[in-house]
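Values in this text are rule-based calculations from the coordinates and carry no lab data. Quantities reported herein were computed from a predicted structural model and do not represent experimental measurements. Positions of Cβ are backbone-derived with ideal geometry, glycine not excepted, and every protein chain shown enters the neighbour counts.
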Amino acid sequence: MNRVAAVARAVVADAIRRRIVWVVVLFSLVLAAMIPMLPSYGVGVADAVYREIALAMTYVAAMVVTLVLSVSRIPVEVERRTLYSVLARDVRRWEYVLGTWLGITLTLAAVTAAFGGIIFAVGWAVYGAPMWMLWQGVLAIWMEAGIIAALCVAVSTITLPVIVAVAALAFLFIAHVRADLLGGPENPLWYAYPSLDAFNIIAPVSHGSGVSLLYLATMVLAFVGWVGALVFLGALGFSRRDL
Amino acid sequence: MTPAIRIERAHKRYGGATGFVAVSDVALTVNRGSIHGLLGPNGAGKTTTLKMLLGLVRPSGGTFEILGEPAGPAVRARVGFLPEQPYFSPLLTAAEVLMLHGRLSGMAPSEVESRTGELLARVGLEGREKTRLAKYSRGMLQRVGIAQALIAAPEVVVLDEPASGLDPVGQRDVRNLMMALAEEGTTVLLSSHQLSEVEAICDEVTILNHGRVAAEGSIDDLLNVAGRTSVRARGTAPALPAEVQSLMEDVAVSGGVWVFSVPDSAVRATVDILDDNGWAIESLVPKRQSLEDYFGRMLEEPSRMADAGVVS
């Protein structure tokens, strides 16, 4: 695992120095800080609306950063031959793929944690009470971003960044329209459909009391399953590729 | 002792049964502690051969061994590789690049740190550990590439065009570095277009053309012209004695110094004639063509290269 960690560390060192990541982060944070100034708040629901918009903004920003970091990472390293000197060592292709995903996902953890900290602090300052449930939403967003990063890394082992971006956006769309397409669990295709709806907990976090620990555990299991499958497929595709 | 690198019947076909054959039946043996040159024109199959050896390209066939073991990931921990025109993230520093490659080779962080300064000094980048690579010139990146290849003190170093992008002083430094590595017992496999560099430092060479081995052997065996001796003589006369003129070939004159070749059987007579006519003999050496001449002739007239060492 040392080699996976070494690749991940290099990915993090590279990613956190990308200016575009911090531009997206700062822009989103400024917007988040301005949410309480929106004029359409109704009395008594203002904090719920704040939570909903703040999490939605966190989601969008996290997905943008995910795509920025993961769509071109491997194709560029192949094109520029950066990874020749890496893979010519005692490094298996799967270790490189896993390390790349891990590095991106750790960077995303830092980014979403920064978002979470700011929207939590703004919410506390403006509404006078800590909104602990926001962290559940942030965790779910980070896990979904990690899955999208795994998808991007997997697809990018065999194709070009543009196709990876299109595939990721298409998957994001498809993964959130299960209910619209299939109706409900009575549909036989319901459980076979590639859905990420389990990670969409903005509504219960914003307007309710969040989700249970059992639900969080289920979410973590789904995260591990998705990432495991996608990284496996990515490693499989990459292991068969001539560089 | 097993060779440092042994490749047998290497074969690579791209694009299925009717696809393009990049490498066909290539064999290569690199002895331990030697500097072995791998030469060939663009598209000859050099880089593909190296990539198959290092696991970057899946061979269609053949046997690849490093230090007596199948060339898998485990033994590659003992190999350093410099790709052609290496590129590293411009956002990283040289120290971070070396840390990554050192860690990938199983070194402890403290070990990498202690070796980083020494290694960067060795490649001429002393004190530049913390500088981001975005501020490095092309030649400096090449030096970082060489440093990463050497970070884990490998027993075998594979260098693909190590002098690419370097100025003449940098090229000399790299040449000296390769010779120093060989003196330390490290095996160097050098793929290069710099024929003068190869001729100067390689013990043996393998020449590829159209994906096949076109010639192999020691530099001397390949370049010495059998049966002829090169004579270098100095004199004040406007022309060489008539008896010598009838024997000589490949004549070059500059500032009263004549260089020409004669048959080995005529060396004694030539020396006597020149001596009798007041000429000073500066050197007598087996006639040797330049690697450039040999290489160019081989590529232009492959069918006539049936000399010793040339593989059909």
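What's the extension gain from B:ASN224 to B:SER196 if we count 0.36 nm per residue and subtract their Cα-Cα distance? Please list the in-between numbers first.
Details: separation 28, 0.36 × 28 = 10.08 nm, distance 1.55 nm.
The B:ASN224-B:SER196 span can extend by a further 8.5 nm.
As a test, work out the antiparallel percent of DSSP beta bridges whose residues both lie in the protein assembly as shown, rounded to the nearest 5. Write out the running numbers ahead of the final one.
Details: 40 of 57 bridges.
So the antiparallel bridges in the protein assembly as shown amount to around 70 percent.
Provide A:CYS152, B:CYS202 in ascending order of the number of other Cβ atoms located within 10 Å of each residue's Cβ, fewest first.
Details: A:CYS152 29, B:CYS202 24.
Placing the least packed residue first, the sequence is B:CYS202, A:CYS152.
Looking at region A:1-41, which chymotrypsin sites (Phe, Trp or Tyr not before Pro) are in a loop (DSSP not H, G, I, E or B) and have at most 16 other Cβ atoms within 10 Å?
On the way: sites: A:TRP22, A:PHE27, A:TYR41; in loops: A:TYR41.
Passing both the DSSP loop test and the Cβ count: A:TYR41.
Cα to Cα, under 17 Å, and not fewer than 8 places away if on the same chain: which aspartates and glutamates meet these conditions relative to B:LYS287?
B:GLU199, B:ASP220, B:ASP221, B:GLU249, B:ASP250, B:ASP264, B:ASP307
Anyone know which of B:GLY19, B:GLY55, B:GLY40 comes out most mobile in the 10 Å Cα GNM of chain B?
In the Gaussian network model the winner is B:GLY19.
Please sort through the DSSP H helices of chain B and keep those with an alpha-carbon extent of at least 20 Å along the long axis and a Kyte-Doolittle average not below -1.0.
What comes out of the filter, once short or polar helices are dropped, is B:168-183.
Cut-off 10 angstrom, C-alpha nodes, Gaussian network model of chain B. Which of B:ASN277, B:ASN31, B:ASN42 fluctuates the most?
Result for chain B, Cα springs under 10 Å: B:ASN277 fluctuates most.
Given Cα pairs under 8 Å that are at least 6 residues apart, what percent is the relative contact order of chain A?
Numbers: 275 pairs, mean separation 68.2, N = 243.
Relative CO of chain A lands at 28 percent.
Taking the Cβ-Cβ separation of B:GLU129 and A:ALA125 as r and a Förster radius of 41 Å, what is the calculated FRET efficiency to the nearest 0.05? Before the final figure, lay out the partial values.
Details: r = 43 Å, r/R0 = 1.04.
It comes out at approximately 0.45.
Given the options B:LEU223, B:VAL169, B:ALA239, identify the residue whose Cα lies farthest towards the positive end of the charge dipole of region B:115-260 (+1 on Cβ of Lys, Arg; -1 on Cβ of Asp, Glu).
My answer, from the dipole projection, is B:VAL169.
What percent antiparallel are the DSSP beta bridges of chain B, to the nearest 5?
Working: 40 of 57 bridges.
Just about 70 percent of them are antiparallel.
Label region B:65-191 by shape, choosing from rounded, prolate and oblate, from the square roots a ≥ b ≥ c of the eigenvalues of the Cα gyration tensor; if a/c is under 1.5 it is rounded, and otherwise prolate applies when a/b is larger than b/c, oblate when it is not.
Numbers: a/c = 1.65, a/b = 1.20, b/c = 1.37.
Oblate is the answer for region B:65-191, as a/c is 1.5 or above yet b/c matches or exceeds a/b.
How high is the relative contact order of chain B? Use alpha-carbon pairs under 8 Å, at least six apart in sequence, and give a whole percent. Intermediate values should be presented prior to the final figure.
On the way: 604 pairs, mean separation 59.6, N = 312.
Value for chain B: 19 percent.
Report the relative contact order of region B:173-240, percent, no decimals, based on alpha-carbon pairs under 8 angstrom and at least 6 residues apart. Kindly include the intermediate steps, with their values, before the conclusion.
Numbers: 33 pairs, mean separation 11.5, N = 68.
So the answer I get is 17 percent.
Can you list the lysines whose alpha carbon is less than 29 Å from that of B:LYS12, not counting same-chain residues fewer than 8 positions off?
Cross-link targets: B:LYS46, B:LYS51.
Counting only other chains, what is the mean number of Cβ atoms within 10 angstrom of the Cβ of each residue in peptide B:64-73? Display every interim value, and only then the final one.
Numbers: counts 0, 0, 0, 0, 0, 0, 0, 0, 2, 9.
Mean partner-chain Cβ count within 10 Å for B:64-73: 1.
Counting other C-beta atoms within 10 Å, which of B:SER164, A:SER206 has the fewest, and how do the rest follow? Kindly include the intermediate steps, with their values, before the conclusion.
Details: B:SER164 19, A:SER206 23.
Least crowded to most crowded, the residues run B:SER164, A:SER206.
Counting only helical runs of four or more DSSP H residues, what would the 222 nm mean residue ellipticity of chain A come to if each run contributes -39,500 (n - 2.57) and the total is spread over all its residues? Don't skip to the end; give the middle numbers.
On the way: 11 runs with 176 residues, N = 243.
Dividing the helical sum by the residues of chain A leaves -24000 deg cm²/dmol.
Note down the net charge around B:HIS36, summing +1 for each Lys or Arg and -1 for each Asp or Glu among other residues with Cβ under 9 Å from its Cβ. Please report the intermediate quantities before stating the final value.
Details: positive: none; negative: B:ASP203, B:GLU204.
Within the 9 Å Cβ shell, the charges total -2.
Relative to the first principal axis of the alpha-carbon coordinates of chain A, what is the inclination of helix A:19-34, with its axis defined by its Cα atoms, in degrees from 0 to 90 and to the nearest 10?
10
Other chains near A:6-14: what is the mean number of their Cβ atoms within 10 Å of each residue's Cβ?
On the way: counts 10, 3, 0, 4, 10, 2, 0, 8, 7.
Averaged over the peptide's residues, the number is 5.
Working from Cα positions, state the angle (0 to 90°, nearest 10) between the long axis of helix A:93-127 and the longest principal axis of chain A.
Result, in degrees: 20.
Rank B:GLY127, B:PHE81, B:GLY62 by how far each Cα sits towards the positive end of the charge dipole of region B:53-145 (+1 on Lys, Arg Cβ; -1 on Asp, Glu Cβ) and give me just the farthest.
It is B:GLY127, whose Cα lies furthest towards the positive end.
Using R₀ = 45 Å, calculate the FRET efficiency as 1/(1 + (r/R₀)^6) where r is the Cβ-Cβ separation of B:ARG268 and B:ARG9; round to 0.05.
Details: r = 48 Å, r/R0 = 1.06.
For R0 = 45 Å, the calculated efficiency reads 0.40.
Using the crude model of +1 on Lys and Arg Cβ and -1 on Asp and Glu Cβ, and no other charge, please compute the dipole size for chain A relative to its Cα centre, in debye to 20. Present the calculation step by step, with values, prior to reporting the outcome.
Details: 15 positive and 12 negative charges, 184 e Å.
Around 880 debye, computed over chain A.
With a ≥ b ≥ c taken as the square roots of the eigenvalues of the C-alpha gyration tensor of the protein assembly as shown, please select rounded if a/c is under 1.5 and otherwise prolate if a/b is larger than b/c or oblate if it is not?
Values: a/c = 3.62, a/b = 2.66, b/c = 1.36.
Prolate, because a/c is 1.5 or more and a/b exceeds b/c.
How would you rank A:MET143, B:MET248, going from fewest to most other Cβ atoms within 10 Å of each one's own Cβ?
Values: A:MET143 25, B:MET248 17.
Listing A:MET143, B:MET248 from fewest to most nearby Cβ atoms yields B:MET248, A:MET143.
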